[in-house]
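Below: one structure, written as structure tokens.
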């Protein structure tokens with residue numbers, strides 16, 4: 001883990017505790033202005049969790065006391081937003097933080113003294129967002145595929161154990177099963193030759209609701225509540241759509257070298273992203289073809305986003 005990551009996490013957590021403590025005190029005295037200031041400081045917690053890098057990363061933060069975090073997601077505006085309410089040991093409503101550029105997956109309400117984070121890049125096909133999975137629950141992955149087991153070990157994921165059978169999971173752990181039904185069930189859908197694994201794409205069933213994932217969204221699909229997952233995925237799609245339009249403008253300026261085809265491919269991708277209604281659309285043939293065309297044209301002199 002990089003020093004900048006560690007420093008930013010510690011700084012964010014320090015300010016989080018300061019905000020919770022100060023916010024609680026000030027809310028009791030009715031100091032609206034100062035409480036609002038403390039609320040804005042909460043957003044610093046998530047600053048290091050939206051870094052842009054090519055691989056996955058994880059970290060954990062040990063809190064000194066039990067906290068409750070409520071995650072609310074909205075898709076209004078150009079990029080949507082998320083609102084986080086934090087409550088400390090008391091019953092008072094905690095201060096709120098809003099973010100328009102972070103993409104945090106979690107259950108609607110998160111309770112715990114240790115917060116765990118997994119950050120994974122989401123490429124559509126260019127880097128569109130860093131998906132942050134935030135969890136405090138304990139998970140038991142029963143007989144996961146070797147590639148998923150290896151990733152769990154490589155990332156040293158906390159609160160996630162690997163078991164060979166259901167009997168090895170405790171009652172306090174949420175079971176995650178592969179290819180069969182249990183508390184959270186994961187089924188593979190990746191069948192093309194381009195797939196590194198059949199589980200690179202698929203869907204997860206949680207609370208009788210199905211959510212779809214592609215590479216970079218596997219852990220969010222398991223950890224997040226279905227409602228939060230669908231909303232944050234939509235926000236990522238909105239961001240990717242805006243990036244595609246920006247790249248089309250850059251392609252237009254390069255039209256002397258690349259021709260009009262490249263610009264139209266980016267606009268086609270933006271349109272494919274715009275019409276997606278749910279996470280299932282991530283695996284649609286239309287979006288896959290649009291991403292493939294953009295990726296193919298992003299070469300040589302026409303390279304725009306990955307050279």
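What follows draws every value from the coordinates through simple rules; no lab data is involved. As the structure is a computational prediction, the values presented were derived from the model and not from experiment. All Cβ positions, glycine included, derive from the backbone under ideal geometry; neighbour counts span all protein chains shown.
Go ahead and run the numbers for FRET between residue 101 and residue 303, Cβ-Cβ distance against an R0 of 35 Å, rounding to 0.05.
The pair residue 101/residue 303 has a calculated efficiency of 0.85.
With the Cα gyration tensor of the stretch 235-302 giving a ≥ b ≥ c as the square roots of its eigenvalues, does the rule (a/c under 1.5 for rounded; else a/b larger than b/c for prolate; else oblate) give rounded, prolate or oblate?
Working: a/c = 2.80, a/b = 1.88, b/c = 1.49.
Since a/c reaches 1.5 and a/b is larger than b/c, the shape of the stretch 235-302 is classed as prolate.
Per the Cauchy relation, a quarter of the hull surface: what is the mean projected area of the convex hull of the alpha carbons in the stretch 187-307, in nm²?
7.6
Once you place label points 7 Å from the Cα toward the Cβ at residue 74 and residue 150, how far apart are they in nm?
Those two pseudo-labels are separated by 4.4 nm.
Sorting check: for 172-179, 241-248, 124-131, 74-81, which peptide has the highest mean count of neighbouring beta carbons within 10 Å, and how do the rest follow?
Result, highest mean first: 124-131, 241-248, 172-179, 74-81.
Rounded, prolate or oblate: which fits the stretch 105-232, taking a ≥ b ≥ c as square roots of the Cα gyration tensor eigenvalues, rounded meaning a/c under 1.5, else prolate when a/b beats b/c?
Judged from the Cα gyration tensor, the stretch 105-232 comes out rounded (a/c under 1.5).
For the stretch 91-146, rounded, prolate or oblate, judged on the Cα gyration tensor with a ≥ b ≥ c (square roots of eigenvalues), a/c < 1.5 rounded, else prolate if a/b > b/c?
In terms of gyration-tensor shape, oblate.
Between residue 143 and residue 215, what is 0.36 nm times their sequence separation minus the Cα-Cα distance? Round to one decimal in nm.
Contour length minus the Cα-Cα distance gives 23.9 nm.
How far apart, in nm, are two points set 7 Å out from the Cα along the Cα-to-Cβ line at residue 61 and at residue 253?
3.7
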